[in-house]
Every structure is written in structure tokens, then in C-alpha cells.
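Let me begin by presenting the structure, written as C-alpha cells, before commenting on it.
No value in this document is a laboratory result; all are computed from the given coordinates. Just so it is clear, the structure is predicted and the values come from calculations on it, not from any experiment. Heads up, the Cβs are rebuilt from the backbone with ideal geometry, glycines too, and the neighbour counts pull from every protein chain shown.
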Amino acid sequence: MTYGVNELRAMVEHDRVHRRVYTDPEIFEIEMERIFNRVWTYVGHESQVKKPGDYWTVQIGRQPMIMTRHDDGQVHVLYNRCPHRGNLLIGDRHGSVDKSIICSYHAWQFNCDGSPKAIPLAKGYDGTTLELGGPACHVKRAPRVANYRGFVFASLADSGPSLLDWLGDAKIAFDQMCDRAPDGEVEVVPICFRVVQQSNWKFFLDNQLDVAHAVVTHESTGRAATDVQDEVKGREGSAPFDYHFLSAFTMPLGTWDKMTTVNHPGGHSILEGYMRLRPQDPVSLDYEAAMKRRYGEARTNQILDTNIHHVICYPGLSIQPPLQQLRAIRPLAVDKTLTELWHFRLKGASDAIYRRALGYYNMVNSPSTMVNADDLWNFRKSHEGLASDGGEWVNYQRYLGQDEEQGRVLRTRMGTSEAPLRNYFTAWTDYMTAGN
Amino acid sequence: MLTIAPPLPLAGPADAPLAIAAVSGDVQRAVELLLYRQADALDTKRWPDFIDLFAPDGVYWMPALPGQTTGDGEPSIFYEDRDLMRIRMKRLGHPRAWSQKTEWATNHVVSNVIVERHDAASGAVACRARFHMMEFRRDAVRHFAGSYIHHLVRTADGYRIKLQRVDMVNGEGPYEYVLQAWV
């Protein structure tokens with residue numbers, strides 16, 4: 001079928017979304033063009049490219065891009081394509097060039113800002129329209145690049161809201177991440193775990209703020225971790241702090257309903273109230289003392305008592321500020337999605353504080369995850385289920401009409417409200433039907 | 001924040017030059033049998049047997065990057081003492097471990113077993129081997145291959161694993177789905 005604006009609008013209702021939104025390759029193509037080519041996409045952290053010549057490749061929408069650091073210290077985002085014959089300029093995932101980016105095909109050379117440095121056989125262009133050093137010899141840049149507190153974003157659209165206007169209140173993800181550092185900034189741990197889900201990208205978002213699934217999907221891990229945690233406590237008096245990352249899934253459903261999702265314009269959504277990570281062990285107290293020296297008592301309490309578990313920057317980013325972790329969602333096909341999982345260090349905090357969150361990176365966000373294993377399995381089954389003719393609609397009515405409206409923001413009264421899905425699909429419709 | 005004893009000094013990262021210790025045929029054979037028993041425990045999903053091959057302070061470690069020399073305070077794909085291993089085992093065996101509700105099987109082949117260091121007094125061994133694992137899961141095949149480094153201690157019950165380091169050649173690649181059991 002061909003999707004005009006009316007057909008696309010008809011895919012989403014206030015309480016349900018049509019299954020084709022997840023499964024139809026035509027809709028996926030339109031999403032690439034109207035959503036992923038327009039929004040601000042997370043490229044990487046500037047500390048991934050510490051010194052001039054460093055680069056890291058990334059996919060934005062359908063486009064192979066490179067984040068580079070130029071001689072003047074500026075971070076650039078370029079199309080990974082030689083302006084001569086179109087060869088990819090960078091063939092590996094990340095690395096460093098000595099003096100220039102050299103195309104492996106005919107040795108055209110470029111500076112890390114994309115400007116041409118040397119073009120061999122220059123005489124060959126005498127009498128042609130190619131102006132050596134002119135725009136046709138530049139590596140194309142992402143139309144817009146912005147850096148907020150070290151987090152680099154690019155947009156493939158020439159115009160649109162600024163990064164901060166686009167983020168709106170979801171900006172708190174990066175403020176919380178950086179403010180938790182006594183030095184006010186973070187540094188990337190230069191390892192990226194990559195996991196592919198065999199399903200549409202939207203299942204990831206649907207699941208992130210769905211607190212009702214946790215006790216169901218993760219019962220096995222929650223129970224296993226609780227059993228061993230109890231044994232270790234009995235044996236040694238206490239269990240390692242990070243067992244809680246797994247054992248928390250045994251909390252009764254009523255406890256999950258006490259959490260809140262805060263649903264902002266643009267599809268950005270925040271989960272508050274899970275795992276208040278402010279333990280009072282010596283390591284944590286030492287960290288709090290360092291924070292108080294930097295920020296003072298009141299501001300420190302304000303920063304550390306902000307209990308945000310996930311921030312979704314719609315459509316492609318999930319950030320966990322108290323754990324300093326970030327997942328970037330890169331749709332590859334209608335039924336294939338890459339997640340990139342990153343961890344950051346709080347500058348000015350002790351190594352022990354980094355280790356506190358490392359257990360979460362290893363046990364929840366690594367490829368050996370005992371948590372996402374069951375989520376990914378659900379995503380795949382959801383995708384295959386929606387491809388069936390057993391029904392046409394995905395229902396998201398739970399606690400519909402019972403959330404609290406605060407201007408343009410919807411705060412849930414019940415944690416298990418499906419408000420985040422309703423919020424995502426409002427944004428989805430806005431993107432898919434705008435300006436057409 | 002694992003509370004495990006620091007591992008023995010490593011034989012080095014996976015690409016360190018090979019050392020070959022002069023050991024008797026009996027030692028070589030006993031080391032090989034331990035590796036084969038371990039592979040068999042994985043392929044037959046006898047998880048308690050797999051865990052029991054580790055010493056009480058034994059650690060199973062799969063580094064995130066080949067150059068890492070410790071999992072302590074570093075990102076790892078696996079970094080598990082026996083307690084964490086038991087969480088994984090109990091999860092796999094739980095009746096509502098949903099992702100276990102589909103058939104899956106593995107086949108490990110372990111080869112190129114070389115004893116690199118052998119302490120004649122204590123009987124401790126550091127050895128290196130190569131493995132190839134094929135997994136079949138819900139109509140799809142995946143392959144994982146790489147090197148094992150085992151640090152073994154000699155006990156009354158035979159060798160036990162103090163440290164197992166697993167470096168997969170495709171460890172840094174994108175994972176189509178995840179690893180639910182040890183490799």
C-alpha cells in the first residue's frame with residue numbers, strides 16, 4: 001500500500017496503534033526519511049575523539065558518518081564518503097589518522113574538518129569544471145552538529161529546532177549525568193557493546209519505560225539473584241551492592257506502580273522513582289563529600305536525590321544518569337535494530353564509584369546480560385506476533401485518561417500506565433505527517 | 001563490585017607469544033581432560049558440573065577487549081565468581097526463564113592445548129587452548145571461536161579452575177541476540 005498523510009495518520013489512534021507501524025517495510029522507509037533524517041541523532045561523546053586525527057564511525061539514519069577531531073580541536077561530523085568516486089573514507093570502526101584522511105582508492109587527502117588537503121594528478125583537472133579546493137572537493141558535512149556538555153549530536157536536516165529546543169526537558173539526562181561528577185563532566189569508557197535485536201526499533205522504546213513487564217519478563221533473574229543474595233548475606237553478613245541490579249525485579253507489582261513516568265512533548269519520556277541509588281556505604285559517603293565540596297550541601301542533595309532511571313530522547317536514545325550508561329538505537333531494517341551500549345566515568349569521582357556502576361554495565365548491558373536476554377526474546381516474539389493476521393491493533397489503554405496533565409507534560413499517577421507509548425506515538429504521528 | 005580474590009598473574013593477553021612448558025604426558029593428558037569435561041558440561045547443559053570445575057575462588061572471565069589484563073574494575077562481557085555463576089545457573093533453570101523456552105544447543109570443540117607454565121611443587125598450571133563453538137537456536141546458527149587461557153590448581157579431586165579467560169575472535173562484533181550461558 002502507498003502511505004499518504006491520511007493513511008499514516010490513520011495508523012495511530014489515541015488508544016491503539018496499527019501493527020503495520022512495526023512491521024511494514026514501506027513505513028520503515030518513511031520513518032527513515034521523516035523521523036531519522038530530521039531529528040538530532042546522538043553521534044558520540046567528544047572524549048571518543050580525544051586528540052586531533054581521532055575518528056569514530058557511526059550510522060545516522062541510513063548514512064555512514066564519521067565523527068572526527070580537527071587540528072583546531074573542533075569536533076566534526078562528516079559523511080564517510082570520498083567526494084571523488086564515493087569510496088568510504090574510513091573502513092574501520094574507529095582509530096586515528098596521522099596528518100590527514102587518505103582515501104584508499106586514489107589518495108585524495110582531507111583534513112579532519114572535511115576540507116581537501118591534497119588531490120593527486122592535479123594537472124588532470126586542467127580545463128575541467130572541477131575547481132581544486134572548491135566545494136566539490138570537500139567531504140560533505142552533516143548539515144547541523146551540536147555538542148551539549150560533551151555529548152555530540154548531528155542532524156541531517158538543514159533546518160529545524162536547535163538541539164536544546166529539541167531536547168526540551170529531556171536535557172536533564174545529560175545534566176544529571178554530568179552534574180553527578182564532582183568535576184561537572186564525564187568521560188567515555190572507550191568500549192561499545194553492540195547487540196542486535198531481531199525486531200523493529202520501536203519495541204526497544206516501548207519496553208524501556210514499561211515497568212509492568214519487569215516482574216513478568218525478569219522473574220527468573222530476579223528470583224535467582226535474590227536466592228543467591230540471601231545465601232551470600234547468610235554466609236558473609238552482606239552481599240555485593242550490585243546484586244540489587246538483578247534482585248530488584250522481585251519487587252511486588254504494587255511497588256512498580258509507585259514509580260512515575262513523565263511524558264514530555266516530542267516523545268521524550270522519563271522514568272522516575274526506581275532504585276534510588278544513594279547508598280550510605282563508605283565509598284558512597286566519600287563521593288558525597290567530594291560532591292559537597294564542589295557543589296555545597298543543598299545542590300548536592302538536589303543532584304543526588306533526582307531519581308531518574310531512564311530518559312528516552314525519542315526516537316533513538318536511552319540514558320541512565322545514576323548509572324552513567326547510555327544506549328543508542330540504530331534501526332537497520334524494519335525487523336533489525338542495533339543497540340550500542342556505552343558507559344561513562346564521572347570526572348573527579350573515585351574509581352570505586354565507577355566500579356559501583358560497572359556491575360550494571362557487565363550484568364545488564366553487556367552481551368552476557370541476564371536481563372535483556374528476556375527482553376530481546378520478547379521483542380522478537382512481539383515482532384513475529386504483529387506480523388500475523390491474528391489481530392490488527394496494538395493496545396495501549398492501561399490507565400488511559402487517569403494520568404495527570406501538567407500543561408504539555410503528562411505525569412502518570414500509576415507507574416504501569418501505558419502513557420509512554422501514547423506519548424511516543426503522538427510524536428511519531430507529528431513527525432510522519434508534518435510538512436507533507 | 002565483585003568481592004573476589006585477585007586472579008593469578010596472567011599468562012598475558014590472548015595475543016601474547018606462546019610459551020611451552022616441558023611437562024609430562026600425564027600432566028598434558030590431565031589438563032586436556034579437564035578442558036574436555038568442561039566443554040561437555042556446557043554442551044550437555046550440566047551447569048552444576050560446569051561450576052564445580054572452578055576452585056572456590058575461581059573466576060570465569062571474558063574481557064571486553066583483547067588487550068585487557070584484568071577484569072577487576074574493567075568492563076567485561078563475563079566476569080563471574082561462583083556466586084554470580086550460580087545466579088546465571090539458577091536463572092537458566094527457572095521455569096519462567098522465557099528465553100529458554102526455545103530449543104537451543106551448542107557444540108564445543110577444544111583443541112591446540114598447550115601447557116605454558118607448570119609449577120612442579122604445587123602442580124599449578126597455566127594453559128592455552130583454542131575452541132570453536134557452534135550454537136543452534138530457534139532455526140539459526142551462530143559461531144563463536146577463540147582462545148581459552150586456564151589457570152588450574154591441583155586439588156585432591158584433580159585440577160580445578162582458578163581463572164578461565166575467554167577471548168573470542170568475534171568478541172567485539174555485534175551480537176545477534178546475546179550469550180545466555182558461558183562460552
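Laid out as a table, the results:
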item	result
5 angstrom amide H check on A:Val43, placed H, neighbours 5+ away	A:Val152, A:Phe153, A:Ala154
Taking B:Phe54, A:Phe245 and counting other C-beta atoms within 10 Å, the order from fewest to most	B:Phe54, A:Phe245
Value at 222 nm in deg cm²/dmol, rounded to 500, when DSSP H runs of n ≥ 4 in chain A each add -39,500 (n - 2.57)	-8500 deg cm²/dmol
Partner chain coverage, peptide A:213-221 - average Cβ within 10 angstrom	4
Two-decimal log10 I(q)/I(0) for chain A, as the Debye equation yields it once each C-alpha is a single scatterer, q = 0.07, 0.12, 0.14 Å⁻¹	-0.38, -1.07, -1.37
Point-charge dipole on Cβ atoms (K/R +1, D/E -1) for the protein assembly as shown, about Cα centre, debye to 20	420
Full-extension gain in nm, B:Asp57 to B:Leu18, via 0.36 nm per residue minus C-alpha separation	11.4 nm
Radius of gyration and maximum dimension Dmax of the stretch A:107-185, Cα, Å	19.5, 60
Dipole in debye (nearest 20) - chain B, about Cα centre, beta carbon charges: Lys, Arg +1; Asp, Glu -1	480
Part-to-part distance (alpha-carbon centres) for the stretch A:200-250 and the stretch B:53-91, which is given in Å	18
Inter-label distance, nm, simple model (7 Å from Cα along the C-beta direction), A:Glu297/B:Leu65	4.2
Computed over chain A: relative contact order in percent, which uses C-alpha pairs under 8 Å that are six or more apart	20
Cysteines in chain A lacking a second Cys C-beta under 4.7 Å	A:Cys112, A:Cys137, A:Cys178, A:Cys192, A:Cys313
For chain B: relative contact order, % (alpha-carbon pairs under 8 angstrom, 6 or more apart)	24
Dipole of chain A, positive end: most advanced residue of A:Cys137, A:Thr23, A:Tyr295 [Cβ charges, Cα centre]	A:Cys137
For A:85-98, mean number of other protein chain Cβ atoms within 10 Å	0
Sorted by Cβ neighbour density within 10 Å, fewest at the top, the residues A:Met11, A:Met67, B:Met134	B:Met134, A:Met11, A:Met67
Anchor A:Lys123: aspartates and glutamates whose Cα lies under 12 Å away (excluding residues fewer than 8 positions away in-chain)	A:Glu131
Simple Cβ-charge dipole of the stretch A:45-150, Lys/Arg +1 and Asp/Glu -1, about Cα centre, in debye nearest 20	300
Residue (of B:Ala39, B:His94, B:Ser76) at the positive-pole extreme of chain B, dipole from beta-carbon charges	B:His94
The protein assembly as shown: antiparallel DSSP beta bridges as a percent of all, rounded to 5	95
J(HN,Hα) series, the stretch A:394-406, from Karplus relation 6.51 cos²θ - 1.76 cosθ + 1.60, nearest Hz, glycine and proline x	9, 8, 9, 8, 4, 6, 4, x, 10, 7, 9, 8, 10
Burial ordering of B:Arg37, A:Arg413, fewest other beta-carbon atoms within 10 Å first	A:Arg413, B:Arg37
Highest average packing first - A:304-312, A:346-354, Cβ atoms within 10 Å	A:304-312, A:346-354
For A:Ile60, residues with placed amide H under 5 Å, excluding near neighbours	A:Met65
Relative contact order [Cα under 8 Å, 6+ residues apart], the stretch A:39-156, whole percent	28
